[in-house]
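> I have a structure I would like to understand better, so I am pasting it below and will then ask my questions one at a time.
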Amino acid sequence: MTDQWPQAWTRAAIEMCVLALVKESGLTHGYEIAQRLRDAGLGDIKGGTLYPILGRLEDRGQLRSQWTGGVGGPGRKIVDITDEGVRVLEASVADWVAWTGRVAATIGVTHSTPGGQ
């Protein structure tokens, strides 16, 4: 397994992954999302990539944000998923499973294993 996935793969899945992590976490912030993406083995997602994604998801009504005061430091913007975000996530996951199944069948993979091993 590698943490250096092709950028096209990351671009295809990143919004769905962000929504899933925010749904799982509840109120969270960009730095935590980036850490969790890295911990999941999806690579090091830089702020210049992640924060525009968070903005787009908010613009589409899939996330909502608010500023919180910092303790001993600056405040930070936290995000949470909306009902629309949950709906989009569920539809995206169903589509992703269908798509990856078709790709696997096309390249001759008959089963998948957890963690890609």
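> Quick one: which residues, 5 or more positions from Leu63 or on another chain, have an amide H under 5 Å from its amide H? H modelled 1.01 Å from N in the peptide plane, none for Pro or chain starts.
Glu58, Thr82
> Ok, one more. FRET efficiency for Arg56 and Thr110, Cβ-Cβ distance as r, R0 = 35 Å, nearest 0.05?
It comes to 0.45.
> Then there is this: Okay, which of the stretch 69-112 sit inside 12 Å, backbone N to the point 7 Å along the Cα-Cβ direction of Tyr31?
Within reach of a label on Tyr31, which here means backbone N under 12 Å from a point 7 Å along Cα→Cβ, the stretch 69-112 contributes 70-77.
> Just one of (1) 48; (2) 60; (3) 65 is percent of Cα pairs over 17 Å apart as worked out from the coordinates here. Which one is it?
(2)
> While we're here: Output the relative contact order of the chain, whole-number percent, from Cα pairs under 8 angstrom with separation of 6+ residues.
27 percent.
> Sticking with this structure for a sec: How large is the charge dipole for the chain, taken about the Cα centre, if only the Cβ atoms of Lys, Arg (+1) and Asp, Glu (-1) carry charge, to the nearest 20 debye?
Magnitude of the dipole: close to 180 debye.
> Determine the gain in length on full extension of the stretch Asp83-Val71; use 0.36 nm per residue of separation and subtract their C-alpha separation, reporting nm with one decimal.
Here the answer is 1.3 nm.
Every read-out reported here was derived from the displayed coordinates using simple, explicitly stated rules and does not represent laboratory data. As the structure is a prediction and not an experimental result, all values here were calculated from the model. Don't worry about glycine lacking a Cβ; one is built from the backbone with ideal geometry, like all the others, and counts go over all protein chains shown.
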